[in-house]
Amino acid sequence: MLELVAQGNLAQALKQIADIAKVGRRSVFRHFSDMDTLYREMNHSIAATMESLVQRPFEAADWYGQVLELVDRRAMGFEKMKPFLLAGQLHRHRSPFLKAAHARFVERLRNILLGILPKDAARNAVVVEALDMLLSFESWNRLREDQGLSITKSRHVLKQAIESLLKGEAGPDTERSGA
């Protein structure tokens, strides 16, 4: 199933999964009691691949630079995970596991952002919500797929939007590197 999704087949049929695995359809469900069990195994595999990206220390010394660095990190991760994230969107409405996994994913991304922001910026709900939205997969995918922008252009657009948001919040004379 990982192979099918990676190839862009977001709505896999049991027959396709069995054919790729070179087993019968019944054999698939001998290993996985239901689709959520299969999704759970896929999630573990994908999470392990992405963990190194999340755990890497930031290069930027100040929070402002780290927020902009998130654009590059997420661009790399979202591009790598795009078929799996899109498949998750497609199947989430009928899978309790995918709903819960998506909620944990969104919460983890938000917590990374909140861990970077100084307390005064983290208290500004509008700034936090706007940053969370700009740094989301949904924003990235809209720029890449719906608006047809390149990776480079998408990064540029997001960084410019974030810089404008933060400059408007901090003001021209406010220190950005303080906590």
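Checking the stated criteria, Arg74 turns out to be in contact with a Phe, Trp or Tyr (Cβ under 7 Å, 6 or more places away or on another chain) and either closer than 20 Å to Ser164 by Cα or modelled with pLDDT of 95 or more (or both). The set of residues in segment 69-102 being among the aliphatic types (A, V, I, L, M), surrounded by fewer than 16 Cβ atoms within 10 Å (Cβ to Cβ) and more than 13 Å from the chain's Cα centre (by Cα) consists of Leu90, Ala100.
For Leu98, the test of being in contact (Cβ under 8 Å) with a residue 40 or more places away in the chain and within 14 Å of Leu68 (Cβ to Cβ) is failed.
Given Trp63, Trp140, which one is open to solvent by less than 40 Å² (accessible area, probe 1.4 Å), more than 16 Å from the chain's Cα centre (by Cα) and touching a residue at least 24 places away in the same chain (Cβ under 8 Å)? Checking each option against the conditions leaves just Trp63. Every listed requirement among (1) modelled with pLDDT of 95 or more; (2) open to solvent by 80 Å² or more (accessible area, probe 1.4 Å) is met by Asp132 save one, (2).
For Glu107, only one of the following conditions fails: (1) open to solvent by 40 Å² or more (accessible area, probe 1.4 Å); (2) touching a helix residue (DSSP H, G or I) at 6+ places or on another chain (Cβ under 9 Å). What is its number? Failed condition: (2).
The values are calculated or read from the model by the stated rules, or taken from the named source; none is laboratory data. Predicted model, so just to flag it, every value in this text is computed and none were measured. Note that each Cβ is placed from the backbone with ideal geometry, even for glycine, and that neighbours are counted across all protein chains shown. Calculation scope for accessible area: heavy atoms of the full protein, side chains included, ligands and nucleic acids excluded. Shrake-Rupley method; radii C 1.70, N 1.55, O 1.52, S 1.80 Å.
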